[in-house]
1. In debye, nearest 20, what is the charge dipole magnitude of the chain about its Cα centre with +1 on Lys and Arg Cβ and -1 on Asp and Glu Cβ, if you could check?
2. How large is the convex hull of the Cα atoms of the range 1-82 per residue, expressed in Å³ as a whole number?
3. Can you give the helix-only mean residue ellipticity at 222 nm for the chain, where every DSSP H stretch with n ≥ 4 adds -39500 (n - 2.57) and the sum goes over all residues, rounded to the nearest 500 deg cm²/dmol?
4. Accessible area of the chain with a 1.4 Å probe: how many percent of it is carbon plus sulfur?
5. Take Ser76, Ser118 and sort them by solvent-accessible surface of the protein heavy atoms, 1.4 Å probe, largest at the top.
6. In terms of solvent-accessible area of protein heavy atoms at a 1.4 angstrom probe, what is the ranking of Phe77, Phe117, Phe135, highest value first?
7. Among 8-21, 208-221, 175-188, what's the highest-first ranking by average C-beta atoms within 10 angstrom per residue?
8. Of all the C-alpha pairs in the range 138-188, what % are more than 13 Å from each other?
Amino acid sequence: MSLHLYFAPGACSFVPHVMLEVAGAAFEPQMVKLHKGEQYGEDYKAINPRSQVPVLVVDGQAITQILAITTYLAESFAAAQFLPNQPLAKARVLEALAWMNNTVHPTFTHIFMPQKFSADTAAQAAMKQHNTTLFQQQLQEIDALVVRAKATGGKHIAAALGHDHLSALDAYTLTLLRWGSIVGIDPTQFPAAWAHVQWLAQHPAVARVIERERLQLNMMAKT
Ligand SMILES: N[C@@H](CCC(=O)N[C@@H](CS)C(=O)NCC(=O)O)C(=O)O
């Protein structure tokens, strides 16, 4: 099986990037420079006409969308136990992941790239302000989920949902807190989630991804 992951440093592609490293998969990381607009080039559009990362190419077949990619990885690398087998527990982990992907992530996009949603600069400013409040509330919700996970004695976020294994939820949480720090939302306001992210960053496989993507976890920190 040949696997190529198209990723951009610090983007949501961090989630499958971490899963591939944690699973010990043999894969080719392919960097896409979003800030240079490489996603709009004809070469990249031949891989993903929607001009987004991540894309996982499996034996020449491109899979897009984090939900699809992470489910594919969970099933292909079953030993990593990224998802529970028990149907209700599995639904709970996917429920949390879908919320991060279809709600929290787009809330951040409204702050970071409001021009994607309106050409009107006044509307963009209002959108930024409103979504900053929403994003803070959503990070609070993630913080509460981490508190619940730790209260079970578990190490990983999915422990709150009955599955104490590293999952897409841990990697997405790191990404979302880091994104917040880019727009001035201090991650230390969410102590449980922030401590979890710092712990996760020490995991050798996660550290390899952080190194490859050259990420600073808290963009508000001086160093
Ligand atoms: N729903 C998509 C979201 C993907 C997405 O938003 N990707 C962003 C990076 S985090 C992207 O490629 N943006 C490029 C652009 O907007 O030009 C998924 O789950 O994969």
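1. Details: 16 positive and 16 negative charges, 69 e Å.
That gives a dipole near 340 debye.
2. Measuring per residue, one finds 80 Å³ for the Cα hull of the range 1-82.
3. Details: 9 runs with 114 residues, N = 223.
That calculation yields -16000 deg cm²/dmol at 222 nm.
4. On the way: 5720 of 10750 Å².
For the chain, the apolar C and S fraction of the accessible surface comes to 53 percent.
5. Values: Ser76 50, Ser118 25 Å².
From most accessible down to least: Ser76, Ser118.
6. On the way: Phe77 40, Phe117 95, Phe135 0 Å².
Largest accessible area first, the residues go Phe117, Phe77, Phe135.
7. Numbers: 8-21: 23.5, 208-221: 15.3, 175-188: 19.3.
Sorting 8-21, 208-221, 175-188 by mean packing, highest first, produces 8-21, 175-188, 208-221.
8. Numbers: 709 of 1275 pairs.
Taking all Cα-Cα pairs of the range 138-188, the fraction more than 13 Å apart is 56 percent.
The values are calculated or read from the model by the stated rules, or taken from the named source; none is laboratory data. As the structure is a prediction and not an experimental result, all values here were calculated from the model. Glycine also receives a Cβ, built like all others from the backbone with ideal geometry; neighbour counts cover every protein chain displayed. Remember, those area values only see protein heavy atoms, side chains included, never the ligands or the DNA or RNA. Shrake-Rupley method; radii C 1.70, N 1.55, O 1.52, S 1.80 Å.
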